[in-house]
Amino acid sequence: MSHPASTSRYFVPEPSPWPLVGSIALLLLASGAVLMMNSIANGGFVLIGGFAVLAIMLFGWFGRVIGESEGQRYNLQVDRSFRLAMAWFIFSEVMFFVAFFGALFYIRVVAIPDLASPEQAALWEGFRNVWPSAGPAAKDPFTQMHAWGIPAINTLLLLSSGVTVTWAHWGLVANKRQQLIIGLMLTILLGALFLTLQVYEYREAYSHLNLKMTTGVYGSTFFMLTGFHGFHVTLGVTMLTVILVRAMKGHFTAERHFAFEGVAWYWHFVDVVWLGLFVVIYWL
Amino acid sequence: MAGCSYKNGYANRLRPGFTGLLTAGLLALLSGAANAAWELNLQEPVTAVARRVYHLHSLLLWVIVVIFIGVFAVVAYSIVVHRKSRGHRAASFHDNTTVELAWTIVPTLILIAIAFPATSALVDMRDTSRPDLTIKVTGYQWKWGYEYLTGDAAGVKYMSVLSTPREQIENKAPKGEHYLLEVDRPLVVPVGKKVRILTTANDVIHNWSVPAFAVKTDAVPGFLRDTWFRAEKEGTYRGQCSELCGKDHGFMPVVVEVVSEEKYAAWAAEQKQELAAAAEDPNKVWTLDELVARGEKVYTANCAACHQATGAGLPPVFPALDGSKIAKGPKQGHLGIVINGKTGTAMAAFGAQLSDTDIAAVVTYERNAWTNKLGDVIQPAEVKALRGK
Amino acid sequence: MQATSHAGYAGNHDHDSHGHPTGWKRWVTTTNHKDIGTMYLWFSFAMFLVGGAMSLILRAELFAPGLQYVSPEFYNQMLTLHALIMVFGAIMPAFVGFANWMIPMMIGASDMAFARMNNWSFWLLPPAAILLSASIFVPGGAPGTGWTLYPPLSIQMGMGMDMAIFAVHILGMSSIMGSINIVTTILNLRTPGMTLMKMPLFCWTWLVTAFLLIASMPILAGAVTMLLTDRHFGTSFFSAAGGGDPVLFQHIFWFFGHPEVYIIALPAFGVVSHVIPAFSRKPLFGYASMVYAIAAIGLISFFVWAHHMYVTGIPLTGQLYFMYATMLIAVPTGVKVFNWVTTMWRGSLSFETPMLFALGFLVLFTIGGLTGLVLAMTAVDIQLQDTYYVVAHFHYVMVAGALFSAYAGLYFWLPKWTGHMYNEGLGKLHFWLSMIFFNIAFFPQHFLGLAGMPRRIPDYAQQFADFNVISSIGAFGFGFSQLLVLVVVIQAVKGGAKAPSRPWDGAHGLEWTVPSPAPYHTFEDPPVFNQAEAHG
Ligand code: HEA
Ligand code: HEA
Ligand code: CUA
Ligand SMILES: [Cu+2]
């Protein structure tokens, strides 16, 4: 397939209803969530409606993009745009995690030591500066999540999935479609395994370790960071699945496969964040 | 001036002619003069720290005014002389490394020069060591709690609530001289002593502030912060809560009375006596009438801000107690919410603020006031038994 | 602001194979940067009126001591919504509107890099606006926390708070997508020969602004997410009893919030950097140092956040560090001010409405910046924090800064957008009324703040009465003067003197090489870029 790259015009899509549909979906999702959180009737239905509209939008919109891509309407300049955009998007995601990592850092380095300092003893007598901590008003004890069980296995899983996705990429570049597809499948499998173990870990935490969202700041930061990361893994697995389906349909060429690369970057990003989590949440 | 129905010294300050006013204001500001009647500057300082801040501000004002005049003198010259309508032809220069370096370096030097006085004033402000007297200040929605930790009055503890009558706020009565800046019981401190203030809060963040002392410190729930002052002049000094804390944020003033050492000692002795006299026999059995009478006072001071004197509340945020399921339900539930509050709402745990007797009284009152004529009596001993559950 | 150019393109540009929808469908489905820019601008103006009407409620209540018209709860709700709507609904979308209209034209691109996503960035705004304004009507009302949403007060709020939180999430998505689009467009779609250092300054300011947005909006999203879980899922990020800290929220909020104020200021700088040279008939002085200053401001703005938190009890060393860092920002900002002044020096000045607004910006922004410097001094700020001095400071930089600059840009580019000259007399009247009433409204607030009047209160002690009367009168005068601009714009859309392709003889840039109104599709093939239209 040849691309009349530098000569063709920059692709400007025709008018599209999908953005508006997406906005409606988000309005429904937000309203539904607000209603549910405040225990008002029918919130659940609104929320489900929002998800449905969102799904329609995603299918419609991405279908369109895939069609445009396969119809060779993207020249090299468009390809460069995609790369730039993906890089900036990942940067914004990094900053999202920075907020939560920053909170954890602040709590461990500033808040807990401060609460346990002699100056605050008049308010919180006997509170000591140890981590993990559920705060000075904590009542029932809990057990911390240890690094060298499931979390270590999960680290291995994610690291190897980084390898498999790269292996798949080599396959794509070398035009070995078999290797591409198997590599992707392995990556998805490893991701799914990771998620399964995480669900198991959460159940363990709730049922045996008395470690919950409500377990002071340790519970708060633990579930917020790992949960937000788990959500990203889920997104990543979904995107990998889309790429797998497209690969099986014969999409992508050895030279032009931004969609694959974008997802691979995203997957590596999720991977790197996990390493950070592993070190600061489980290990230290 | 339709809105200025009050009669006091300020009324004659407003004269028509806003341009004149603005020019006057500008001139006064430019000359750096403190024209007290116009309140154009910081309040008159009564501590050494406040005086330093005052002078630091004056210095800064001069610096920025000079910079402003310098920059806009050039602009004004251009506007007048380099006009197209006067036939001025545009030059075409667009770079000059020397001047560009100059106007990077010169401002930097100015800033470095300012940084010295700014730093030393701040270091002074934060030095809370070796106080003569320590007082803990707790912010509540919407009143201040004072507790003397050391000194003559150690152990004295009371609430300080806005004393401006409702009618004045609702424009049904002429406003008094210290409208919104007056309380039932001010903080009393001796003149010339280093007073260390420890702040904290019970519900949301408040801020304890007295401009004349250059004191302003957040009261953060769950944390203690500190600040200090050494007032040099006897008198009454007023400030306001300076962190948005909900509905009545504008109605929780700070009033500090600075008195001579003798007066302070006398005041402290009196307070301690009252404290001893007020110490109640926890096992005393109260009658319904006694409890309701006392409860009404407690209610007005602590609960009426939200639940209103009529018990009608301000639904949907502040529920009515008149006819409320909880207030007419079992005693335990009613006592429970008053003692422990409800997290995530404005309903605070009053167990920490009120004595057993006060809680017994206020709950008895609520169960017998308005249409809640339940007729039951709650004794302090029952409150004690429920605490910590 | 584009209705006539609609007619303009309809005949000439139907060579597109696909027919464009017309009527409401055109606006809802459009992928055209000019349509989207127009929608942004109208939306922002509508929000400005709504947020302005709210500020008039505040000013009416503050006209005299005592409670007049609204309850304290409602006052707090109006205060919160006024700020959120003005910042996120009015000023930011206004400059995104400018970016949409102008950046592709300035750099010779056919459209934005992602034209469809661009449409979504816009259409995310109405749901957010709906959530925010609907919160007034739900049980408990809108959040009454101030725009800073500090816990634990925000934990106490009713469901209106949740709506505001989700509105912030959606606004964040919109800003991030919009910014990614702008960065990509600027980095990838410049016409051949336009190097970064030859690019119009407005594009530079937006490049840095977009970076600030991409880096700081997710931080805000993270902060409000933690607020949400503290409210509903029992986490204790911001509660000491659980080991958290309410001040943590403030750190995160201001880590976003301070860059946010430069997100508002930088594009304003960009607009002014086009207007002043045009009406001085002289190239912008110190292009390169302008670029470095923008970059420096962007960078430093991430390291000064705690100057909003001097009284929260952060350690002395922290206060000192943040004081020095904050003072440092005055240097690059000063460079910009001096560059503008020198651009005018020995120029050939004329004073059409855009130039008047740019000069108004210059004077009043400098006042606001200089009072910012006063606030930066921790010891002084401890006296002024949470008083009307701060309110005066930020309205000088945001209303007389950002808003005046937006007006300068509006009058500057209106001929290009509509194809007609606006009514110069009305424009000048709009400027003078705005300039006079703005100062009547906000200058006295400095005195109020110095005398110790706290902000965010619905009622005040009597010694503050006089200046509040003046301020309220000024606010109403200023507010109603803003309706003039509506008249001017509608007139220009409807008709008026035909605008030439370069209505301002001193203006340079690719946008002035195309006819007025600008054709629906401007540069389908990259235009030739030569030194005559270059900025640097
Ligand atoms: C457009 C928005 C904008 C801009 C550009 C600025 C610019 C600045 N701001 Fe402002 N600020 C706000 C919006 C903005 N601010 C808002 C919204 C708040 C309140 C938020 C809230 O609490 O709700 C606030 C609050 C605020 C505070 C906290 C006050 C408090 O709550 O106690 C401080 C303190 O340091 C501060 C400082 C500064 C400084 C130093 C600058 C500097 O960038 C200014 C630099 C400019 C100049 C200095 C003038 C030009 C320079 C020269 C002519 C050169 C020569 C000068 C010297 C050598 C001095 N600002
Ligand atoms: C860019 C942002 C921006 C803008 C443009 C403005 C514009 C204005 N602001 Fe505001 N303001 C903020 C950002 C902004 N503000 C912020 C961040 C706060 C802090 C909030 C907090 O503490 O949390 C604040 C707080 C604030 C206060 C402090 C309240 C308090 O602390 O208690 C006041 C009081 O005077 C005020 C006044 C005004 C006025 C008079 C205008 C005027 O410029 C507005 C002029 C415009 C109009 C008046 C509209 C005109 C329209 C009509 C007259 C017709 C109406 C018709 C219809 C709706 C159809 N603002
Ligand atoms: Cu207490 Cu404001
Ligand atoms: Cu700031």
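The values are calculated or read from the model by the stated rules, or taken from the named source; none is laboratory data. Just so it is clear, the structure is predicted and the values come from calculations on it, not from any experiment. Reconstructed Cβ throughout: ideal geometry from the backbone, glycine too, with neighbour counts over all protein chains shown.
List of remarks:
- The residues in the range B:332-343 that are over 19 Å from B:Asp203 (Cα atoms) and surrounded by fewer than 17 Cβ atoms within 10 Å (Cβ to Cβ) can be counted, and the count is 2.
- Residue selected from the range B:247-270 under the condition assigned to a helix (DSSP H, G or I) and surrounded by fewer than 19 Cβ atoms within 10 Å (Cβ to Cβ), by the criterion farthest from ligand 3 (Cβ to nearest atom): B:Glu262
- Filter result for C:Phe442 (crowded, with 23+ Cβ neighbours inside 10 Å, assigned to a helix (DSSP H, G or I) and within 11 Å of ligand 2 (Cβ to nearest atom)): yes
- C:Val488 within 16 Å of ligand 2 (Cβ to nearest atom), away from chain B (no Cβ under 14 Å) and either over 24 Å from C:Phe43 (Cβ atoms) or of a type in the set (Val, Ile, Thr) (or both): yes
- Between A:Leu158, A:Leu180, the distinction of being more than 9 Å from every other protein chain (Cβ to nearest Cβ) and under 18 Å from the mean Cα position of the chain (by Cα) belongs to A:Leu158 only.
Conditions tested, residue by residue: (1) away from ligand 1 (no atom under 13 Å from the Cβ); (2) more than 10 Å from every other protein chain (Cβ to nearest Cβ).
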position	(1), (2)
C:Val261	no, yes
C:Ser273	yes, yes
C:Pro277	yes, no
C:Arg281	yes, no
C:Phe285	yes, no
C:Ala288	yes, no
C:Val291	yes, yes
C:Ile294	no, yes
C:Gly298	no, yes
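- Test: B:Met125 is within 30 Å of B:Ala268 (Cβ to Cβ) and within 16 Å of ligand 1 (Cβ to nearest atom): yes
- Among the residues of the range C:441-461, the ones that are more than 24 Å from B:Glu170 (Cα to Cα), among the aliphatic types (A, V, I, L, M) and more than 7 Å from every other protein chain (Cβ to nearest Cβ) come to 1 in all.
- Meets criteria (buried (at least 21 other Cβ atoms within 10 Å of the Cβ) and not in a loop (DSSP other than H, G, I, E, B)) for C:Gly298: yes
- Cβ-Cβ distances below 9 Å connect the following pairs, each with a first residue in the range C:73-94 that is closer than 20 Å to C:Ala60 by Cα, a second residue that is in a helix (DSSP H, G or I) and within 16 Å of ligand 4 (Cβ to nearest atom), and a separation of six or more residues or different chains: C:Met86/C:Met398.
- Which listed residue is away from ligand 3 (no atom under 16 Å from the Cβ) and touching a helix residue (DSSP H, G or I) at 6+ places or on another chain (Cβ under 8 Å), from B:Val204, B:Val189, B:Val195, B:Val220: B:Val189
- Criterion: of a type outside the set (Gly, Ala, Ser) and either without any contact (Cβ under 8 Å) to a residue 24 or more places away in the chain or within 16 Å of ligand 2 (Cβ to nearest atom) (or both) - qualifying residue of B:Glu182, B:Glu232, B:Glu243: B:Glu243
- Residue check for C:Ala64: within 14 Å of chain B (Cβ to nearest Cβ), within 13 Å of the chain's Cα centre (by Cα) and more than 16 Å from ligand 3 (Cβ to nearest atom): no
- Filtered residue count, the range C:248-274, keeping only those that are more than 30 Å from C:Ala507 (Cβ to Cβ) and more than 16 Å from ligand 3 (Cβ to nearest atom): 12
- Of the candidates B:Ala360, B:Ala304, the single residue that is modelled with pLDDT of 85 or more, more than 26 Å from B:Cys245 (Cα to Cα), among the small types (Gly, Ala, Ser) and surrounded by 13 or more Cβ atoms within 10 Å (Cβ to Cβ) is B:Ala360.
- Per the listing C:Met327, C:Met309, the residue uniquely touching a residue at least 24 places away in the same chain (Cβ under 8 Å) and within 16 Å of ligand 2 (Cβ to nearest atom) is C:Met309.
- Residue tally, condition outside any helix (DSSP H, G or I) and surrounded by 19 or more Cβ atoms within 10 Å (Cβ to Cβ), over the range C:308-331: 6
- So C:Ser239, is it crowded, with 23+ Cβ neighbours inside 10 Å, in contact with a strand residue (DSSP E or B) (Cβ under 9 Å, 6 or more places away or on another chain) and not basic (Lys, Arg): yes
- Among the candidates C:Gly178, C:Gly158, C:Gly144, C:Gly140, the residue that is under 30 Å from B:Asp248 (Cβ atoms) and crowded, with 24+ Cβ neighbours inside 10 Å is uniquely C:Gly144.
- Extreme residue, surrounded by the most Cβ atoms within 10 Å (Cβ to Cβ), among residues of the range C:357-386 that are in contact with a Gly (Cβ under 8 Å, 6 or more places away or on another chain) and under 30 Å from C:Lys416 (Cα atoms): C:Phe361
- Odd one out for C:Asp386, checked against (1) within 16 Å of ligand 3 (Cβ to nearest atom); (2) more than 12 Å from chain B (Cβ to nearest Cβ): (2)
- Any pair with Cβ under 7 angstrom, 6 or more apart, that starts in the range B:67-96 at a residue that is facing chain C (nearest Cβ under 7 Å) and closer than 13 Å to C:Met344 by Cβ and ends at one that is buried (at least 16 other Cβ atoms within 10 Å of the Cβ) and modelled with pLDDT under 85: B:His82/B:His88
- Here the condition is being touching a residue at least 12 places away in the same chain (Cβ under 8 Å) and more than 21 Å from C:Thr371 (Cβ to Cβ); of C:Leu429, C:Leu448, it holds for C:Leu429 alone.
- Members of the range B:158-196 that are surrounded by fewer than 16 Cβ atoms within 10 Å (Cβ to Cβ) and more than 14 Å from every other protein chain (Cβ to nearest Cβ): B:Asp184, B:Arg185, B:Gly192
- Residue in the range B:132-144 that is under 16 Å from B:Glu257 (Cα atoms) and either aromatic (Phe, Trp, Tyr) or not in a strand (DSSP E or B) (or both) present: yes
- Of the residues making up the range B:271-302, just one is outside any helix (DSSP H, G or I) and of a type in the set (Ser, Thr, Tyr), namely B:Thr287.
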